[in-house]
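I have placed the structure first, in the form of structure tokens, so that the comments after it can refer back to it.
The numbers here are math on the coordinates, done by the rules we state, and not lab data. Note that the structure is predicted; figures quoted are calculated from it, not measured. Don't worry about glycine lacking a Cβ; one is built from the backbone with ideal geometry, like all the others, and counts go over all protein chains shown.
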Amino acid sequence: MATDPSGDLVLTPLHGDPRSLQEWLTTFHLASVVLDPYTNQSSWILPTAKRILHGFRGAAVRVNFLITCSADEAREFLGPLADEFLVFCDPDRTAVKALGLSSLPAFVFVRGDGKLAASAEGWDPAAWRTVAREIASTTSWSSPTIPDAGDPSPFEGSPAAG
């Protein structure tokens, strides 16, 4: 079951220095799509995740990908998205464990106070829509359409532990 992460959790961006979750939350909330680049499930949801994160680009939230691999592997998996979005690398799955995730892909929203406000695991459009609506409500933003034309059919995720 998804849980509030510790503020001491260190997140390592693809570009920049590692910082604690508390530091990343100083100005903005975090909306993260968590992916395992070694699974089909994460590749199936990538275009949808891109669309959803783009929908929140102007909101008071740091949209990002949290990828369970090294920086080089994240660049290879994400291609140009690695330069388009904030990307955190989690090769040891420390952040995934701290968030209490059991299945990937996942969509999580951590508010500025460090609380996990909403989460969805696997590709369950209704659950992802709930996360998106929580982000929109918190940031006074509009929520993207979920699901939308071209999105995959619902599917279970792969084990988050790898």
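Worth pointing out:
- Residue tally, condition part of a loop (DSSP other than H, G, I, E, B) and out of contact with any Pro (no Cβ under 9 Å at 6 or more places or on another chain), over the range 89-113: 9
- Number of residues in the range 1-51 that are of a type outside the set (Val, Ile, Thr), surrounded by fewer than 19 Cβ atoms within 10 Å (Cβ to Cβ) and in contact with a Cys (Cβ under 9 Å, 6 or more places away or on another chain): the value is 3.
- Neighbours by Cβ (under 8 Å, 6+ apart or cross-chain): first from the range 147-159, under 17 Å from Phe107 (Cβ atoms); second among the charged types (D, E, K, R) and in a strand (DSSP E or B): Gly157/Glu121
- The condition of being crowded, with 16+ Cβ neighbours inside 10 Å, of a type in the set (A, V, I, L, M) and free of Cβ contacts under 8 Å to residues at least 24 places away in the same chain holds for only one of Ala118, Ala74, Ala82, Ala106, that being Ala118.
- Selection within the range 98-154 - more than 15 Å from the chain's Cα centre (by Cα) and among the polar types (S, T, N, Q): Ser137, Thr138, Thr139, Ser140, Ser142, Ser143, Thr145, Ser153
- Selection within the range 44-86: residues that are among the β-branched types (Val, Ile, Thr) and outside any helix (DSSP H, G or I). The member of this set that is nearest to Ala149 (Cα to Cα) is Val63.
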